[in-house]
Structures are given as structure tokens and as C-alpha cells.
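Written out below as C-alpha cells is the structure these notes cover.
The values are calculated or read from the model by the stated rules, or taken from the named source; none is laboratory data. Everything quoted here is computed from the prediction, not taken from an experiment. Neighbour counts run over all protein chains shown; Cβ positions are idealised from the backbone, glycine included.
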Amino acid sequence: MKKITLLALILFFFAKMSLAGEVNVFSARHYDSDIQLYEKFTNKTGIKVNVVSGKDKALQKRITEEGKDSKADLYITADAGRLGAFDEKGMFQNSMSAQIKALVPANFRSDNWTGIAKRARIIYYSPERVSSEDLKGITYESLSDSKWKGKIVIRKSNNIYNQSLVASLIKNNGKEQTLEWAKKLVSNFARNPKGNDRAQILAVAAGEADLAIANTYYYALMLSGQKGEDQKEAAQKVLPYFPNQNDRGTHMNISGGGILKNSPNPENAKKLLEFLLTKEAQQHMVNNTFEYPMIEGVEPHHLIKKMGENFKQDLKTKVGDYKKNQADALEVMLMSGWK
Amino acid sequence: MRNNFLEIENVTFAASSKNKVTNVSFNIENEGDIVCLLGPSGIGKTTILRTIAGLEKIQSGKIILKNKIISSKESHVEPEDRNISLAFQDNSLFPHYNVMENINFGAERNKKKKKGLNFKEIVKFLHLEKILEKYPHEISSGEAQRASLARSLLSNPDLLLLDEPLSNIDQSFKEEIQVKLKQILKELKITTIIVTHDSYEAFYLGNKCGIILDGELKQFDDPYNVYHFPNSVDVVNFLNRGILIPAKVTDENTLENDDLGTIKGNFTKHYPKGSKVQLLLQPEDLEHDDKSNLKLEVVDRKFRGTNFIYTLKTSSDLLIPVFVHSHHVHQHEIDEKFGIKRPINIDHIVCF
Amino acid sequence: MGNKINIWFLSSLLISMIVAIPIVTVFSSFFEPTSDYLSIVKNTFLYEYISNSIILVIGVLITTFVIGVGSAYLVSFYKFPGVNFFKWVLILSFAVPAYIYAYSLTAFFENYGTAFSIMKSLFGDGNYNSFLPKFDGMLGAIISISFSLFGYVYVLTRTSFHYQSQNLLELGKNLGFSTKKTFFNIILPSARPAIIAGLSLVAMETLSDFGAVSFFGISTLTTGIYDAWISFDDLALANRISFFLLIFIFGLFYLENLSRKKAQYHSPAKGNFKTKTLKQLNGYKSLMAIIFCSFVFLASFIFPVLQMLYWTIKFPKHFIDLNIIELLSNTLILVFLSGFLLIFLSFVSNYGNRISKNKLLNILTTFSITGYAVPGIILAVAFITFISWFDENIFYFFDIKQIFIGSILGLVTVYFVRFYSLANNGIKSGYLKINYSIDESAYLLGYSKLKTFLNIHIPYLKNSVLLIAILLSIEIIKELPITLIMRPFNFETFATQAYIFASQDLLEAAAAPSLLLIMIASIFILITSKYMFKDK
């Protein structure tokens, strides 16, 4: 009986997998809005979308281990460094259609993967305690200035957004100089790094620190009231500031994905990727996740727009290069004592 | 074709190397016979029962039940296929069933045959009516033993093995149960092997008794013979009733002891004149006689209800047991003198 | 003795081999070269991993000792209002996994969190953030893990106290000991094996914890393995770290086994058991007892439930969006399949052991219960590694990867490895209570082996099996890392759903699945409590 049940289950899952007209997405993004997008895609094309969600590296591990038997068609994650590293292992296929290439700026894609949404990693400050004069011309680099001693909060060094940020600094300034910078930055920390990006912004609101470094969408999320009234009010006590406006621009990162080398349904995967880059899908995405759209002609959420329109994005540093320096970045941070 | 009901042929019973009974042979001739195995505790009597029941395997010899080999080095009939029932000494009732359910487990094997006693009769016979609804942990060990016995009886086995079946039962109850047990076993013709360390029980219940000492079966015979004609000093010592006193063979029918003088009787074995022997003197061999000039000192007196056992001291410090009926008018206190009738006449003389 | 190789031996061998897969996999790649990360880890991480793990374990042990033994002592020896209520509600903490506790703790105490909102609504605007305690980082992890695990110490200690004889206490009184002295010199030492067994379990679970420590961002040996294996893609390094962890854990495992054996000597035979007279507490002391027990109950169970409930109500959208039926059926499918498989095979192994009396079999069985000591995360990834290797090198003519990876079957297999010892030990301790002469009696009454099993063993073990089934269910409902890694497409349970939301900074969305998880586990616990404290 037990065997029959198991067998039935196995067959059931095989059957499910081998259905024609489906695409299997391994996604490290767990937004409900993404699921809604997939549903829209299915309604439009009849292609069923199966999602395996999990932590990015766990998903990568599973795809790698499964090898040629992998059912995964599309891998979606946040952070360009991760995409680049996975690509370097030869896990993606060269599949960026002309359509995608036309839509996505070359800076935010490669031949094997593409960004689907953007975010900026910026500075938040307490207007009560920091004047705009102090902030004028502030750069990531100048955060090491001793005038910020005991005033900065940022999350841990194991966080991938920090790794990409520091990777971009290494790319621009070199490893040694970045190490010096990191050491000084660490001495400016208001507390031992802990919590997520939202917690950094809240720490500034609560008076624990004057400056926080965090991604853009966290702030808008709080402002939207989705985290409750209290956090909305807290976010209102904090203001965003886009650094490096006078040189290369603010550090940008992406959510993105690529079609896997062993994808059983590459055509469907391509269709889904292209769908995610349509205006309709982009609009849905940015309205819900507070990211920046990947394509032209889509407006970000009004709360994001309010944070600052037309700021200078760092287009000089290719997001695809983050992967090259992430290992060094981690080393630099650890050597500087960044927990 | 063999005709014995059960045959044990040169079997070495061993559960562990410690208690091992080697090279045992005995037969139960007829269906319905009762055999008692007597011996001190820890000698391996239980192992014998377990082996016959099939719970232990044998490395040498054969066990044959109803002309069928059930144990040998080569073949082994599983215990559940033997129709042999064993009542363990310690409580082996199923703890999660009440007494009634436990006893009814015995009915499994007897389902088709429906022979022997039914449930009600057994319960009545063993006085179990009051505890039927109770669970094993709620009853005394004597009650558990009776319940266990009831379960075994209900299964109406070819061969019933009882391991110290009455050891935990109150003395007052014990004799009654012994009587009834014997009745039932006889009536139902249940062939039984009983293991006990109580020689009274063995002599009463058994058609045959086996004495197990020092890892071997010393003697296997009628109870009468075991008592009266023990075949070794060890058996005498184990039964611990009579004593051995030094004596000298003086004639065909007489011996001489320094303290007691001449003793007459029929020798069971021939000894040449003048041989020095150990004479077995049982308590009933000596007769009380106040008029006798052979006076011995009383050192102990055991009142047994129906009788007294006096322990007397001879001039050479031998301690001799003497049996006296309890209605005997004279009660001899300790330190008093006790007359022994002379000449001493013993029906059969056993010497070593 | 007897025939060495039979069906029981072979099935036990198979079970042992399956359970041994992850450990063998971990050690087999021990000598493989590792990447550059080794030097980084050696220089910076390893010390931190080990020291964090030690701090965490010590912190959790102290906390669970105080609240576990303290509450067990109060409810076992004293009478005060509500004592019978506390006696069983304290075990409800088993329903709250450490990671959900961590979510609640963060949600409540973070800047502008629930505590802030409460203060604000009570006293108006104010900067409450600065004086509200921040239970995060190491402190948060210690608290979360302690409150979710102290139940082990509580239950084992309570059971030991329960069987502690009245004589022992009277002895203390006779000797003129004070209450304090009686506690420290008599009660505590005689319950020591049980307490150590409980603490060892707690320590093992703490070292295996992934959900809570990764949520608080603490680098322990477990997260270190995860990072090395999954992030750095360095299996050999992961194995080196696993090695350290396994040394710790097997030490504890040994300690726990040893203590449990000792604990058995301390529980007297049924017959000798005499009900203790409980001391009535009055006035101030009674109040203190109530406060202590209430605190433990509120902190361990009511607090996370209320926090999750508050969010579920405050953000109803997430609750409405949740596909409860699917989550429930997925969770239950796993519970039933794994539970059935685990109990069935535990029976096979134990029964085989019992009737074949094979020493080698015994050793195999002992070996096969080590799975519980290995963190789930190691088990899952090692299992995938093994299946891939097996698929490529041995079983290449048929695609077994498809069957085992990302399937219910694979998931259930790894659960099996993880929880086999729980099931096996449960059945085993049940079997230990059945004297072997019971089996023999049954054979002698003409019951075949099968009939003995069905008519004697099964009825006898009915309650233990039910208890084990429920304990397994609770564990499986709460299990996170294995489910996360092994589950099939589109297959979410309450645990994975909660984790995924939480890892996406959507704690308020994680509330609904967390709440449901706690509710279901609580129902199971309520059924169990009947057996757990059955005073025979």
C-alpha cells in the first residue's frame, strides 16, 4: 500500500513535470506580486509557471547538483554579482533575444542574463541631526570621514548588497584603498551591524544613528504604510540621499534572471523573460516591489519618484563586474573588522 | 517404533556456559504422567523446561515427543508448533490485558479440540473469580502464578511444563492447590514436567522424580525410591531429611554404631563383613521408647502439626532426627533425655 | 545467535545504510582540496563560528536550565492556584519553532515595532525606541532558541521529579534539611540524569538550529557549513566545518544516551510508586510561583502567538492571500507519509532485533540512529550530493535523480534519516518494557510470531506508537531546512511559507502561516499531553 502511494506520488510529479507548455522558475524573489505576474503570463500564453522558491544559493546548488537532469528553466535572483558568478560557472545559456537586448541597457545585462528591475543602494539621514550642508557632495568614499564617527549604520558584511557595493568600490578605487576606506568606515559604525536594510533606516529614525545605508525599495515600502502606521511615521523622520552625484553616480543593483543551460523549456523561459520586460509587467512589478523599472517608458512608484527623480546612476561600473570583486569585497570587509 | 510419550536422549541443556546440565536422559512412559525435577536454585532446571518447550536449541542429543523429534542438533520445531505449554516462574502475564483476557489467550491452541477444562472450571479451581477484571500489576505474585497456571491449563497442551508453579502461593493455599492440581492433571491426563526445589511437592505430585545436582541428572526414579533408596550421598544431602552415620558391617543383617549399638535390617547392597560404611538414617527409622536405656539428649524440637521432629545428640555428638506423632503424650523439652527403642530395626539398609 | 543473515538483518542493514548516507558523504569528501576560502575561514571565520556556537549553546543551556528545571520543580512539588493548568500548558512551547519565535521577538522589540506601538497607544508619542530593550543578535537567538527548546528540559525533569519517591523527600526532612538544601542536595542530584539528557537534547538542537541564527545573522558552525557548502560552493570546507560540529554533537549524543540509561535506574518499579504529598504554597511564595510559571508560559507560547495573531489581524491581506488548504494538505501529506514510513520501519528494525537477537544487528541499529544528531541542512545537501554521485557513477542506466531530488519521495527520505532515531528510540523504549518472556509465553500458547506481534505487541505499544507519531508530526510540521531544500515545485508548507516571507523582510506576511503552524502543532501537543504525563 505504502509503495503504491509513493509510486502514485512519483508518477504524479513526473506527470506534472512533463506537461507540455510549462516553464519552471527557480526564484530567490518571493514577492506575491511576482506570482501574480506569472499568473498573468499563464493567462496570456497558456504556459504554466512552476515556481521553486528558496534562498538563492540553495537554489543554485540544487540546479548545479541536478546537472543535466535539472528541470529548472529560469533562475531569478536579486543581485548582479550572483547572476554573474552563476554565469561564470557556465550555468546559463546564451539566450538574450534581440528584443531583450533592445530593451535593457547593456550595463544591466550580459549575453546570458538580464536585469528585470533596478534598485539603488543609498544613504538615509536624519534631517534633525544632519544638515543638508553636511551631506553636500557626499560619496560612498567620504563615509569614511571621521566626522561620521559613531553615526553610521549598515548591515553585516555577509549581506550580498554590501558585497556588491564594496565590489564596485574595489573596481573603481582598487583593493588596497578600499581596505583603508573600510577600516575607517567600520570605526564610524554606530553599532555592530545587525538587522536588515529596513532596520538600518529605523535605527536612524529611532536616533541610534545619523546615517544609514540601505536599498531604495525598503524606504518606500515603509512609507507606503504596508509595514504599519508607526513605521510609516518613522520613515518620514528619515530622508534619502543619493551619493556620488558629482562623479560616477549612485551604486545600482538589479534583480534579474537567466535561462539555464539545461533548461527543458528554453522557449517558454524566453517568453516569460520577455514578458517580464513588457511595460505591463514592469508597471506591475514596480508598483508592488518599489524597484526601478528596467525599461524605458515605465514610471516607478510615486513614493520612489518622490525620493528623487533623475538622480545620476552609476552606469560606468557594469553590474556584471560585481562578481569579479565580490570575493575581494568580502575579504576587505572581514579584514577591516566589518562583522 | 518407540512407545514412550516423551524421550530425552543424551541432551545437554545449556542456556549459558554457567548453568549447564549435561548428558541428560529420561523418559516419560505414559501420557498423563507427572515428572518432577528437583534441584537447588540456579542449577539450570528452568533451562531444561525452556529447551523442551523449544525456546532454546540443543547442540547434542534428541528430544522426542509422541514419536516425533522436536529438538536435535539438526532439527528444531518452533515453540508455537509444539503444543507444549510452559508456565514461567515469574509473572509472564501480558501486562496490558486483564486476568480474564490473559487466561483466554490459553484458548488459542485449544480452539478446535475443545478438550479439557473450560474457562469457568479452571477459574473456579484456581480461585481466580475475584481477580478476573484486574490487571497483572494489580495482583499479588501468587495470584499471578495461579493466573499463569490457569492460562497454561486452558491450552490443554500435549506436555505441560511448570516452573516452580506454587512457589509464591501462600502456604495455606498451597496444599489445597497441590491436591487439586494433581487431581486435574490426572483426570485430564495432562503429561506434566514440574520443576521445583520443594521435595514434598515433588514427592506428592510426581510419578517420577529427577534429582539434578552439579550439572547432571543424579537420579530419576519413583518418589518412594528417591527417598528411600537415594543413589548417592549428594542426593541424601540435598533431600536433607536423613543423616549419614558411621557404622561397621557386623553381619549379613546387622551393623554396629558406637552410639546407637546394633542396627538390624535388609541391606540393599552387599557389603563384606567388617566394612566401614556410612549408614543412611531417616527420621522414621528410630522409634521412641521412654523405657529404653538408650537415652539421648534433646537439642531441638520442631512441631510440625501432625508430628514432631526431635533432634537428638549422641555421646559422640552426632545429631539424629527422630520422627514422633504429635498426639504422643510425652513432650520432651530441650535438654531432657529421649529414649530410643532397641534393638533398632530398619526395613532396608542404605549405605554408602 | 542462529542464522546470521535473514530478512530482519537485511532490512536493518538497508535502514542503517540509508541513514548513514549523509555522514559517509560528509566524511568521504573530507580530503578533497578546498578553495581559497579556507584561508579566509581559518583566519577569520572558524574562530568566530566556534566561539559563537559555544556562546549560543552556553547561553541556551543556562536559560533552559533555569526555566525548565525551575518550572518543573514548582509544578512537581508544590500546590498553588493554577498548578495543574501550568503543568500542561508549559509543554505548548513545543509548538513554537525557534525561527518563528525569532520573528516574533524582532517584530515586537524592533525600532517602531509592536512594543513601540503599544507604548504609543498607551502613553502617546514618545521616543520609546531608546529604552525598549533590543532582543536581537546573539541575545535574540539565545532567547528564541531557549524558549522554544526548554520544553525538553521541562518534560524530562518533570517526569523524573514525578517518579522521585516520597521517601527521598521524607529522608531530607528527617535529616532536618531546609527546603533549599533538600532541593540542592536531594532533589536536583537524583534528577540529574534526566536534566542532563534534556540539556543534551537542547544543546544538540541548538547546534543544529538554522532558522533562528540565520535570521539574526549570527555565524555559527551550522551557518558556516551552509555558507561554505552553498555560498562558497566548497564541499570540502563544509565538511571540515561539519567535522567540528559533529564532534560537538556526538559528544552530546553520547552524553545524552549515557544519562538516559542512568535515568532509567532512577525510575522505580511501578509497584513501589507512592504518590507524593504536595506542599501547599501560600501568600507571597504562592504568588511568586504563579508569577514564575505565568512568565514562562506567556513568554514561551502566548507571546509569539499573540504577536503573530496581531499581525495576521493587522495585515489581513496576507492571510486572505494565503492558500491555507494547499499548505495544510502539503504539510499533512508529509506528516502522514513520513510518519507511516518511520514507524513502520522502526517496527521492522526493532522487531527484527528482538526476535533474531543478533549482536551485529544491534550495532547496526545503534549506528542508524545518529541521523538525529546531524543538522538537517547537512543531511539535505549531503543527500543531494550523494544521489548525484550515485546517479552518475553507479545507477547511470536509470535516472534516480528525478525520483529523489525535488520530490516528495526525496523529502520523505531525508526526513526519514533525520527522524529515524526519534521513531526508533520511541518504539525501542516501548519494546524494552515488554519482557521477553512475554513473547515466549505467547509462542508457548501457540501464537505464531506474526500473531504475537499483532495480538501482544501492537496492543501493548499502541500508546507509545501514538505518542511517537504525534511527536514526529510536530517535528515534521516545524522542520525547515530540509523541507526548504528538498521540496518539489510549487510545494510549500507552513514552515517554508513563513520562512520565505520572513527572509524577504515580509514578517507580517509570515505571521499567518506561522500562526497556523503553531495552532496545528498545539493541537497535536494537546493530544500528546494526555500520554506524556500519564500517571500510571
Check your understanding: If you take the residues of region A:195-204 that are within 7 Å of chain C (Cβ to nearest Cβ) and not in a loop (DSSP other than H, G, I, E, B), which of them is surrounded by the most Cβ atoms within 10 Å (Cβ to Cβ)?
Key -> A:LEU202
Check your understanding: Just checking, how many residues over region A:129-175 are part of a helix (DSSP H, G or I) and of a type in the set (A, V, I, L, M, F, W, C)?
Key -> 9
**Study point:** Any hit, region A:285-293, residues being charged (D, E, K, R) and within 14 Å of chain C (Cβ to nearest Cβ)
**Key:** yes
Exercise for review: Working carefully through the options A:ALA327, A:ALA281, A:ALA220, find the one that is within 18 Å of the chain's Cα centre (by Cα), closer than 23 Å to A:LEU83 by Cβ and within 14 Å of chain C (Cβ to nearest Cβ).
Suggested key: A:ALA327
Review point. When A:GLN177 is evaluated against the numbered criteria (1) within 19 Å of A:ASP314 (Cβ to Cβ); (2) away from chain C (no Cβ under 14 Å); (3) in contact with a Ser or Thr (Cβ under 9 Å, 6 or more places away or on another chain), which criterion, by number, is the only one it fails?
Key: (3)
Revision key, fill the gap. Only one of C:ILE438, C:ILE482 is touching a residue at least 12 places away in the same chain (Cβ under 8 Å), out of contact with any Asp or Glu (no Cβ under 8 Å at 6 or more places or on another chain), of a type in the set (Val, Ile, Thr) and within 9 Å of chain B (Cβ to nearest Cβ), namely C:ILE438
Check your understanding: Hey, which of the strands (runs of 3 or more DSSP E) in region B:236-306, taking only ones fully inside, have at least 2 residues that are over 14 Å from B:ILE344 (Cα atoms) and at pLDDT 85 or above?
Key -> B:243-249, B:276-281, B:294-303
Practice item. Could you please find all residues in region C:489-502 being touching a residue at least 12 places away in the same chain (Cβ under 8 Å) and either closer than 24 Å to C:GLY151 by Cβ or of a type outside the set (A, V, I, L, M, F, W, C) (or both)? Key: C:GLU492, C:THR493, C:PHE494, C:ALA495, C:THR496, C:GLN497, C:ALA498, C:TYR499, C:ALA502
**Study point:** Search result, residues across region C:120-146 that are facing chain A (nearest Cβ under 10 Å) and of a type outside the set (Ser, Thr, Tyr)
**Key:** C:LYS120, C:ASP125, C:ASN127, C:ASN129, C:LEU132, C:LYS134, C:ASP136, C:GLY137, C:MET138, C:GLY140
Review point. For region B:5-70, which strands (runs of 3 or more DSSP E) that fit wholly inside it have 1 or more residues that are surrounded by 18 or more Cβ atoms within 10 Å (Cβ to Cβ) and over 19 Å from the mean Cα position of the chain (by Cα)?
Key: B:6-14, B:62-65
Check your understanding: What about B:LEU312, is it without any contact (Cβ under 8 Å) to a residue 40 or more places away in the chain and either assigned to a loop (DSSP other than H, G, I, E, B) or farther than 15 Å from B:PHE352 by Cα (or both)?
Key -> yes
Review point. Within region A:89-125, can you find the residues that are among the small types (Gly, Ala, Ser) and crowded, with 20+ Cβ neighbours inside 10 Å?
Key: A:SER95, A:SER110, A:GLY115, A:ALA117, A:ALA120
Review point. Can C:ASP505 be described as within 14 Å of chain B (Cβ to nearest Cβ) and among the acidic types (Asp, Glu)?
Key: no
Practice item. Could you check A:PHE41 against (1) in contact (Cβ under 8 Å) with a residue 24 or more places away in the chain; (2) under 19 Å from the mean Cα position of the chain (by Cα) and say which number it fails? Key: (2)
Revision key, fill the gap. Residue count, region B:87-132, condition modelled with pLDDT of 85 or more, part of a helix (DSSP H, G or I), of a type in the set (A, V, I, L, M, F, W, C) and buried (at least 18 other Cβ atoms within 10 Å of the Cβ), comes to 5
**Study point:** Selection within region C:470-496 - over 15 Å from C:GLY410 (Cβ atoms) and over 20 Å from the mean Cα position of the chain (by Cα)
**Key:** C:ASN490, C:GLU492
Check your understanding: Taking the condition more than 14 Å from chain C (Cβ to nearest Cβ), part of a loop (DSSP other than H, G, I, E, B) and more than 21 Å from A:ILE304 (Cα to Cα), does A:GLY207 pass?
Key -> no
Check your understanding: On the given criteria, is C:ALA502 crowded, with 21+ Cβ neighbours inside 10 Å and over 20 Å from the mean Cα position of the chain (by Cα)?
Key -> yes
Study note, to complete from the structure: Of C:PRO22, C:PRO81, C:PRO33, the only residue that is at pLDDT 90 or above and farther than 30 Å from C:ALA510 by Cα is C:PRO81
